[in-house]
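Structure first, then comments.
The values are calculated or read from the model by the stated rules, or taken from the named source; none is laboratory data. This is a predicted model, so every value here is computed, not measured. For neighbour counting, all protein chains shown are included, and Cβ atoms are generated from backbone atoms with ideal geometry for every residue, glycine included. Please note that ligands, DNA and RNA were not included when accessible areas were found on the heavy atoms of the full protein model with its side chains. Shrake-Rupley method; radii C 1.70, N 1.55, O 1.52, S 1.80 Å.
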Amino acid sequence: MTALALTGMRCPACLGFLASIDSPTLQCSDCRTSYRAGAVAGSLSFGAYESTFAHEVDELYGDELVDALLACPAGTCSEQVITSLARSRRALLGNPVDEGRVDFARTLIADGAVVLDVGCGLGTFATAMARSASHVFALDRSPARVAITAARARCEALTNITAVHSDGADLPLGDGSCDLVTLVGVLEWVGVGSRGPREAIARQQDVLREIHRVLKPGGKLLVGMENRLGGHYFVARPDEHTNLRFVPLLPRQVAHMVVRVRRGGAFDVPTHTRRGLTRLLMSAGLTPRFSFPFPSYSEPELSFDGADARTGLRFYVRHVFHPVSPARRIAARVVLRVPARLAMVFAPSHWAVATKGGAPLRASAVVTGTASCTGTIKEIDFRSGRIVKSPRKDLSEAAPEPLIDGWNARRWVAWPLRGRTRRRREQLLLRGVEASVRPHAEASEAECAAAFSAADAGLESLEPEVADAARACLAILEATKILAAPLHGDLRLTNIIVADGDFAPIDSPEKGRSAVAGVDAISLVCDLLGLRAGAKSYDLERAATAFSRLLEDDHLVHFLRSALGVQELQAARGIVILAVLRDVAHKGTVPGAAQFIAMCASGEFDDSLRLLGVEASLG
């Protein structure tokens, strides 16, 4: 937490400390204004507002989630609590708890900043920004979401969040009280219940005027919204708000008639083009500058300033975009050939950073890799060729590095249109990194202990019968001679840069260490197999079937044979399971991990593993 944090509940009007005078009343120690406490400690209530936007979390969890968060010891990761509850309900949570969504917003927070998050939802933005801001007011119309946000703050031991149950068109904050306001995925929804798009836009203007009032001179508003001219609408992708095709592209009154006929209601969720959003913001006294999040503001993997459009698009294609099908490979080539300024007209969504007085500054480019709170914020300055990496939970550990001008290996391997060329690139990649995973000595007791300790942590997430089968394989491995190799710790395709014929592993969390041979190699091969099956990220469910037919790929067999350094079949099983469990322990969730481990432990990979005899030399 920032050293300049304003801790404790704070008065929305003057930022004074709030103290309880009698239940349920709180009073400001400075201005003496009284407030009604919310249902959960750390929250305030300003009326009987109800949400106009529903997520399945509201229906599935409710009080159960609040109780689960409040029951955790202070300092517990709230993201993991929510994810675990979703898993227990066998529900697909999606992106609402991913802190990676907040990376761009956090680059806008200055030291000592007071932040207002309008439409705080499940508290993800508020929780993440509280790690950087002096104080965060998290506001929502939904009392359930305000309670969840307050509960997350207590779970995380973040004492600089005040959750507020109120409405964005009537903010309870004082004039000029905020340095930054975030309005992400919210502005288009404030008109729900309007009689048509004109009334909905008028409500949007009301909210923006209120935000202008609470911003300090020079303060910023961040708006995240879909682009009304998003290219995906032209290829018949349904509108995210009405679930109807082509509606955003139609004149608004025509869209209103279509929605009335198809849905029986008004078109009350209008989005805007860049020009339209500029007019709307300027009518509220705010001057915008645009950045572009790809693939969208709701799941941003790369965001870059409009002035960096050409460089940003090139970087996006080389490092972020997933060319996992012929259509996507062709689309990427088209994007690179279209003038960048024209491509931005049809970007799927936009960030608008609007300033109260003065001109907005050029925004950093931000890459979101691992989206969880344990990941890293990566800011890029394309002009200087530098990238600064900071752990999301502690930005003080910023580490600047040169930006390598090359391809992310996942995109480089998948880019060619011909399958034969893609296989050739796989072979070149494996040859390029083979020396970095080759065993060099017998593993020490400490290295073995660290590996099996990580495996034990991964076993906790498995079903009992799968965990028992995995333990039996690991016990056999412990009784054999185990070799050691240099450890990267996260050797995925996304962490290898291809530049000028060289293959450079990057972002090593275990730089300079050694560990049980094979753990990095197994991760890399599984990532390649998943990519072949169309996976956009590391996916063991898609890799499993291909791994059982590994003997069909001589170059993969040769790579693993030189990396594992084992002769016995049972020991090979153990190393494969050890590698996957290590990934699970470090990443929290890995798609298909339990299925993959079960298949390995039951012998379904044995025909492939019998091929992996010792080839590595230790001398």
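Quick notes on this structure:
- Residue in segment 530-552 that is modelled with pLDDT under 85, crowded, with 20+ Cβ neighbours inside 10 Å and assigned to a loop (DSSP other than H, G, I, E, B) present: no
- Qualifying residue in segment 117-124 (condition: of a type in the set (S, T, N, Q), out of contact with any Phe, Trp or Tyr (no Cβ under 6 Å at 6 or more places or on another chain) and assigned to a loop (DSSP other than H, G, I, E, B)): no
- Lone unmet requirement of (1) closer than 28 Å to Thr355 by Cβ; (2) out of contact with any His (no Cβ under 8 Å at 6 or more places or on another chain) for Gly231: (1)
- Meets criteria (more than 18 Å from Ala169 (Cβ to Cβ) and crowded, with 19+ Cβ neighbours inside 10 Å) for Leu229: yes
- Exclusive hit being touching a strand residue (DSSP E or B) at 6+ places or on another chain (Cβ under 6 Å) and of a type in the set (Gly, Ala, Ser), set Ala151, Ala157, Ala138: Ala138
- Here Arg252, Arg260 are screened, and the one residue that is in contact (Cβ under 8 Å) with a residue 24 or more places away in the chain and either among the hydrophobic types (A, V, I, L, M, F, W, C) or open to solvent by 30 Å² or more (accessible area, probe 1.4 Å) (or both) is Arg252.
- Residues (open to solvent by 50 Å² or more (accessible area, probe 1.4 Å) and touching a residue at least 12 places away in the same chain (Cβ under 8 Å)) located in segment 76-86: Gln80
- Helices (runs of 4 or more DSSP H) contained in segment 326-440 and holding at least 3 residues out of contact with any Lys or Arg (no Cβ under 9 Å at 6 or more places or on another chain) and free of Cβ contacts under 8 Å to residues at least 60 places away in the same chain: 326-337, 419-437
- Restricting Ala399, Ala414, Ala371 to residues that are modelled with pLDDT of 95 or more and either crowded, with 20+ Cβ neighbours inside 10 Å or over 30 Å from Arg274 (Cα atoms) (or both) narrows the list to Ala414.
- Counted residues, segment 284-325 - those being aromatic (Phe, Trp, Tyr) and assigned to a strand (DSSP E or B): 4
- Of the listed requirements (1) under 26 Å from Lys356 (Cβ atoms); (2) over 22 Å from the mean Cα position of the chain (by Cα); (3) surrounded by 23 or more Cβ atoms within 10 Å (Cβ to Cβ); (4) not β-branched (Val, Ile, Thr), Ser166 misses just one: (3).
- Those residues of segment 434-471 which are among the acidic types (Asp, Glu) and more than 23 Å from Ile597 (Cα to Cα), in sequence order: Glu434, Glu442, Glu445
- Any chance Arg237 is surrounded by fewer than 19 Cβ atoms within 10 Å (Cβ to Cβ) and of a type in the set (D, E, K, R): yes
- Filtered residue count, segment 87-118, keeping only those that are surrounded by 14 or more Cβ atoms within 10 Å (Cβ to Cβ) and either touching a His at 6+ places or on another chain (Cβ under 8 Å) or free of Cβ contacts under 8 Å to residues at least 12 places away in the same chain (or both): 3
- Scanning segment 263-293 for residues that are farther than 21 Å from Glu210 by Cα, modelled with pLDDT of 95 or more and open to solvent by 50 Å² or more (accessible area, probe 1.4 Å) returns Arg274, Arg275.
- Here the strands (runs of 3 or more DSSP E) wholly within segment 127-230 that include at least 2 residues being free of Cβ contacts under 8 Å to residues at least 60 places away in the same chain are 135-140.
- Of all residues in segment 580-598, those satisfying the criterion of being touching a Leu at 6+ places or on another chain (Cβ under 7 Å) and either of a type in the set (Phe, Trp, Tyr) or farther than 16 Å from Thr545 by Cβ (or both) are Leu581, Val590, Phe596.
- Selection within segment 186-200 - of a type in the set (A, V, I, L, M) and surrounded by fewer than 19 Cβ atoms within 10 Å (Cβ to Cβ): Val192
- Among the residues of segment 31-69, those that are modelled with pLDDT of 90 or more and surrounded by fewer than 16 Cβ atoms within 10 Å (Cβ to Cβ) comprise Cys31, Arg32, Ser34, Arg36, Ala41, Asp67.
- Residue list for segment 500-521, restricted to those being open to solvent by 20 Å² or more (accessible area, probe 1.4 Å) and either modelled with pLDDT of 90 or more or hydrophobic (A, V, I, L, M, F, W, C) (or both): Asp502, Phe503, Ala504, Pro505, Ile506
- Out of Cys600, Cys526, one residue alone is of a type outside the set (A, V, I, L, M), modelled with pLDDT of 90 or more and under 20 Å from Gly419 (Cβ atoms). It is Cys526.
- Screening the candidates Ala451, Ala485 for the property of being over 24 Å from the mean Cα position of the chain (by Cα), buried (at least 22 other Cβ atoms within 10 Å of the Cβ) and not in a helix (DSSP H, G or I) yields one hit, Ala485.
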